[in-house]
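Participant: Sharing a structure with you now.
Every read-out reported here was derived from the displayed coordinates using simple, explicitly stated rules and does not represent laboratory data. Remember, it's a predicted structure, so these values are computed and weren't measured experimentally. Virtual Cβ from ideal backbone geometry, glycine too; neighbours counted across all protein chains shown.
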Amino acid sequence: DVLVKDLYTKPRDFGDESITVSGWIRTTRSSKKIAFIELNDGTYIKNIQVIAKRDGLDNYEDVTKLPISSTLKVTGKLVETPDAQQPFELHAEAIDIEGVSDPDFPLQKKAHSLEYLRTIAHLRPRTNTFYAVFKIRSLAAFAIHEYLQKNGFVYVNTPIITSSDTEGAGEMFRVTTLDDQDTPKTDDGKNDYSKDFFGEETNLTVSGQLQVEPFALAFRDVYTFGPTFRAEDSHTKRHAAEFWMIEPEMAFAELPAVLDRSEGLLKYVVQYLLDNASEDLQFLNDNVDHDLLDLLHKTVDEDFARITYTKAIELLEKADVDFKFPVKWGIDFNSEHEQYLAEKVFGKPVFVTDYPRDFKAFYMRDNEDGKTVAAVDLLVPRIGELIGGSQREEREDILEAKMKEFGLPREEYEWYLDLRKYGGTKHSGFGIGFERLLMYVTGMDNIRDVIPYPRVQGSINF
Ligand code: 4AD
Ligand code: MG
């Protein structure tokens, strides 16, 4: 088979040769003598137009009766049509009917709502919108690996089943072979997992960070890229229960390295997509978000803004907006604050650094002021928080005291303290929510629409 992508993107000179294209019917219209069939072969967002004539096709009648989404193998001559909408068409000499679709195929020509399409997650990749989104998902993952590997980062697979709660937020899905009734209780009424599969309480990982840090102290620059799980009680368009995270971790690195590296990575991914998914991005810009390409070009062309949390609070206090959640130094930002900063004040990605230590994770490095930590979030237009990162507390005594303060049992994190005990050094890292990144680069407004099979609170299909 010749691939439609190659027809659009490579030199085409077949001379007198016939070619064969296999694909699915997107639309079809026919008269007594001639039929026009838009075929999509999966390799490109654009279709190839097939011209079928009754003259010379013994199954012309059958072909014209086919419902959309039927599968064809078409052999014919490629004819250049420089003046038409499409640069070429395929004049059929033979058409094999590989699969006859049921006429009740749900994706008829009319536009469907995204809500409806979520209920047919197994069929929605056949729409142009989801074709573009999931193509971009694949290319973005590749670009992330490529950038990190080119820059010497070693890919580490951290576990999915774990007994740690990296972020300390208690938003974990428990992993157990026991059902509630069978779970024995301890004297104080808690579940006793000592007889369970792992002999202790386990959960799905919320972040691979703690387990990737030891590899940074062996390989210097490392990253994880895998699924993470959070049982957050938030029904928003930006939270999923299962999402993927990219977590680079760097030894001999302080907070500014996190800003530089994450900005470099995002710019690389966006440029890669502009270069390798231009048709898909153009489709999304025309049909989903008219500002998408502008935002993406701005992302690669302009430096991201950089401010401290304290400065961000000042900007929010000065804002001419009635925030639902009142602003004062010490609050954790709400998405309305994040979006105001990224969208209204800067109109581009903005790093906010040095947050109050009280609502941040135990592993973040205390600043000298005693009030803030060397943490950073990247806030971006339309989404809000896209990245969270920090310099890690490398001072053993301070880390130990902090673990006590945050109520972490020392026995379970002995190994984490070892990293400070043996060859400790300043190190830093960050986590990018892959789906949030995809929302940013596709213009999609709901996280459910960038995940092939989304898992969010209150709903699971497929
Ligand atoms: O800010 P978070 O919680 O940071 C961490 O997990 C650190 N351990 C990362 C690190 O330093 N290695 O999560 C990082 C990012 C967020 O900025 C957000 O983009 C995404 O992960 N994220 C979610 N994405 C979708 N659904 C959710 N429920 C998410 N929770 C976090
Ligand atoms: Mg965060």
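Participant: Where does the chain land at 222 nm, in deg cm²/dmol rounded to the nearest 500, when only DSSP H runs of n ≥ 4 count, each adding -39500 (n - 2.57), divided by all residues?
Facilitator: Calculated mean residue ellipticity at 222 nm is -8500 deg cm²/dmol.
Participant: What is the chain's relative contact order, in percent, from Cα pairs under 8 angstrom and six or more apart in sequence?
Facilitator: Once normalised by length, the contact order is 13 percent.
Participant: Taking the Cα centre as origin and putting +1 on Lys and Arg beta-carbons and -1 on Asp and Glu beta-carbons, what dipole magnitude results for the chain, to the nearest 20 debye?
Facilitator: 1060 debye
Participant: Placing +1 on the Cβ of each Lys and Arg and -1 on the Cβ of each Asp and Glu in region 175-267, which of Thr176, Ser207, Ala253 has its Cα farthest towards the positive end of the resulting dipole?
Facilitator: Positive-most Cα among the choices belongs to Ala253.
Participant: Among rounded, prolate and oblate, which fits region 311-462 when a ≥ b ≥ c are the square roots of the eigenvalues of its C-alpha gyration tensor, a/c under 1.5 means rounded, and a/b larger than b/c means prolate?
Facilitator: It comes out oblate by the Cα gyration axes.
Participant: I've got another one for you. What angle do you read, to the nearest 10 degrees and between 0 and 90, between the alpha-carbon axis of helix 255-276 and the longest principal axis of the chain?
Facilitator: 0 degrees
Participant: Across the Cα atoms of region 4-99, what radius of gyration and what greatest pairwise Cα-Cα distance (Dmax) are found, in Å?
Facilitator: Computed over the Cα atoms of region 4-99, radius of gyration and Dmax are 12.4, 35 Å.
Participant: Tell me, what is the percent relative contact order of region 4-99, built from C-alpha pairs under 8 Å that lie six or more residues apart?
Facilitator: 28 percent
Participant: Could you give each residue of region 25-31 its phi-based ³J(HN,Hα) in whole Hz, using Karplus coefficients 6.51, -1.76, 1.60 with θ = phi - 60°, and x for Gly or Pro?
Facilitator: 6, 8, 9, 8, 9, 8, 10
Participant: Just want the answer: with Cβ charges of +1 for Lys and Arg and -1 for Asp and Glu, which residue in Thr20, Val74, Ile45 is farthest toward the dipole's positive end in region 4-99?
Facilitator: Ile45
Participant: Provide the per-residue ³J(HN,Hα) series for region 129-140, in order, calculated from phi with Karplus coefficients 6.51, -1.76, 1.60 and θ = phi - 60°, each as a whole number of Hz, with x at glycine and proline positions.
Facilitator: Once θ is set to phi - 60°, the couplings for region 129-140 become 4, 6, 4, 5, 4, 7, 5, 5, 4, 5, 5, 5 Hz.
Participant: Turning to a different aspect of this structure: Could you tell me how many degrees, from 0 to 90 and to the nearest 10, lie between the Cα long axis of helix 396-405 and the main elongation axis, the longest principal axis, of the Cα atoms of the chain?
Facilitator: Here the helix axis deviates by roughly 90 degrees.
Participant: Amide H of Arg455: which non-local residues (sequence gap of 5 or more, or other chain) have their own amide H closer than 5 Å, using H built in the peptide plane?
Facilitator: Ala241, Glu242
Participant: In whole Å, how far is the Cα centre of region 423-460 from that of region 291-352?
Facilitator: Cα centres, region 423-460 to region 291-352: 19 Å.
Participant: Starting from the amide H of Asp221, placed 1.01 Å from N in the peptide plane, find each other amide H under 5 Å away whose residue is 5 or more places distant or on another chain.
Facilitator: Correct list: Val154, Ala251.
Participant: Another question about this same structure. What is the set of long-range amide H partners of Gly431 at a cut-off below 5 Å, with H atoms built 1.01 Å from backbone N?
Facilitator: So Gly431 has HN proximity to Gly388, Gly389.
Participant: Next question. How far, in degrees from 0 to 90, does helix 309-318 lean away from the longest principal axis of the Cα atoms of the chain, to the nearest 10?
Facilitator: So the inclination is approximately 70 degrees.
Participant: Please tell me which of these pairs span more than 29 angstrom C-alpha to C-alpha: Lys237/Lys298; Lys185/Lys237; Lys73/Lys237; Lys324/Lys360; Lys109/Lys298; Lys190/Lys237?
Facilitator: Table pairs above 29 Å Cα-Cα are Lys185/Lys237; Lys73/Lys237; Lys109/Lys298; Lys190/Lys237.
Participant: Using a/c under 1.5 as the rounded threshold, could you call the chain rounded, prolate or oblate? The axes a ≥ b ≥ c are square roots of the C-alpha gyration tensor eigenvalues, and prolate needs a/b larger than b/c, oblate otherwise.
Facilitator: The shape class here is prolate.
Participant: Can I ask one more? Can you give the relative contact order of region 115-261 as a percent, counting alpha carbon pairs under 8 Å and 6+ residues apart?
Facilitator: That works out to 22 percent.
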